[in-house]
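Everything below concerns the one structure shown next.
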Amino acid sequence: MLSKGTIFDVQRYCIHDGPGIRTTVFFKGCPLDCWWCHNPESKRAGREMIFWRQKCIGCGACATVCPQAADITHGEAEPPFDLAQCDLYEKCAGVCPTEAMEIVGRDITAEDLMKELRKDIVFYDESGGGVTFSGGEPLMQASFLLDLLKRCHREGIHTAVDTSGHAAWKDMQRVAAQTDLFLYDLKVMDCQKHVELTGVSNELTLGNLEKLAGVHRRIRVRFPLIPGYTDGEDDLKEMACWLVSVGLHNLDLLPYHRTGMDKYKRLGMQYRLETLFPPSEKRVEAVRDLLVGFGLSVKIGG
């Protein structure tokens, strides 16, 4: 039986998703709804439509093939129809002369994806790189992920999994045996804040991270520095103390950025941090110094 999953992008020559030069595979679907997510197209599990306003020339070709043609308008509307009602008929994307309509997400077999990943083996070998599985949340497609990890290892390809840890421990345990490096996202320690900012409790995330730390040697914790939301001094101290207590010392500090904000409108989603700006370099350094003071080895950026 063919192993198949849904992804939305494959990015080559990445240098921030693990050691060396890497290819990063982005899985579709995520159980979290983080306010600052810069890949909003990763949130929904299924395929969806994204509309690129600046590419639209108002030719009306989409209206000639769309079953919802009566609802399509052109001009200042963005997008020109209700994306929530889109049934992915897809012919609109096919006839659009400027590719203003784009279907996000594709179903692919593990073997077909491996054909893409093998193209860069020479770069993995020369740089000490490999493949990183990200998302979205790759553990939402645990069987597909496990198949890919096993295939990579059979071919000597280094593997990394970027995860929020919001998954069944049995799935994480199976995946851990085939993963060389975990990039583990820790959003905020306070459970109430976590629910507010991501839509889910952090109980599963913290519990799985503690278990994982007991069975896996290569884990880098990734922490998003969101001004006014995750950067409170008490929160930072609590996180640092807890990480050290479970034997984790390597942390990537990820300052907030506004990349991807414009995608929300194109997907018919609301972006909740429109007025927020990235932290200053001075503030980032101050947070790094605070965390280092608790015994963490901190790298700024991925």
(request) Six or more apart or on different chains, Cβ under 7 Å: which pairs go from a residue in region 134-159 that's more than 15 Å from Ile108 (Cα to Cα) to one that's of a type in the set (Lys, Arg) and buried (at least 23 other Cβ atoms within 10 Å of the Cβ)? Could you list them? (result) Gly136/Lys28
(request) Could you tell me whether Gln68 is of a type outside the set (Ser, Thr, Tyr), over 17 Å from the mean Cα position of the chain (by Cα), more than 20 Å from Asp262 (Cβ to Cβ) and modelled with pLDDT under 85? (result) yes
(request) Just name the residue that is most open to solvent (accessible area, probe 1.4 Å) out of those in region 161-180 that are over 16 Å from Gly207 (Cα atoms) and polar (S, T, N, Q). (result) Gln178
(request) Give region 14-59 a look and list any residue that's at pLDDT below 95, among the aromatic types (Phe, Trp, Tyr) and open to solvent by 10 Å² or more (accessible area, probe 1.4 Å), or say none. (result) Trp52
(message) Take the residues in region 114-133 that are crowded, with 20+ Cβ neighbours inside 10 Å and more than 25 Å from Val104 (Cβ to Cβ); name whichever of them is nearest to the chain's Cα centre (by Cα).
(response) Gly130
(message) Name the residue that is surrounded by the fewest Cβ atoms within 10 Å (Cβ to Cβ), counting only residues in region 181-212 that are of a type in the set (S, T, N, Q) and not in a loop (DSSP other than H, G, I, E, B).
(response) Gln192
(request) Mind counting the residues in region 279-292 that are open to solvent by 70 Å² or more (accessible area, probe 1.4 Å) and not in a helix (DSSP H, G or I)? (result) 0
(message) I want to confirm something. Restricting to region 1-22 and keeping residues that are touching a Leu at 6+ places or on another chain (Cβ under 9 Å) and assigned to a strand (DSSP E or B), which single residue is farthest from Ala110 (Cα to Cα)?
(response) Val10
(request) Among what's in region 293-302 and is at pLDDT 95 or above and touching an Asp or Glu at 6+ places or on another chain (Cβ under 9 Å), pick the residue that is most open to solvent (accessible area, probe 1.4 Å). (result) Lys299
(request) Within region 236-261, count every residue that is open to solvent by less than 20 Å² (accessible area, probe 1.4 Å) and not aliphatic (A, V, I, L, M). (result) 3
(request) Among residues belonging to region 118-174 that are small (Gly, Ala, Ser) and part of a helix (DSSP H, G or I), point out the one that is farthest from Asn208 (Cα to Cα). (result) Ser127
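The values are calculated or read from the model by the stated rules, or taken from the named source; none is laboratory data. Remember, predicted model here, so these are calculated numbers, not experimental data. Neighbour counts are summed over all protein chains in view; Cβ atoms, including those assigned to glycine, are modelled from backbone coordinates with ideal geometry. Only protein heavy atoms, including side chains, enter the accessible area calculation; ligands, DNA and RNA are left aside. Shrake-Rupley method; radii C 1.70, N 1.55, O 1.52, S 1.80 Å.
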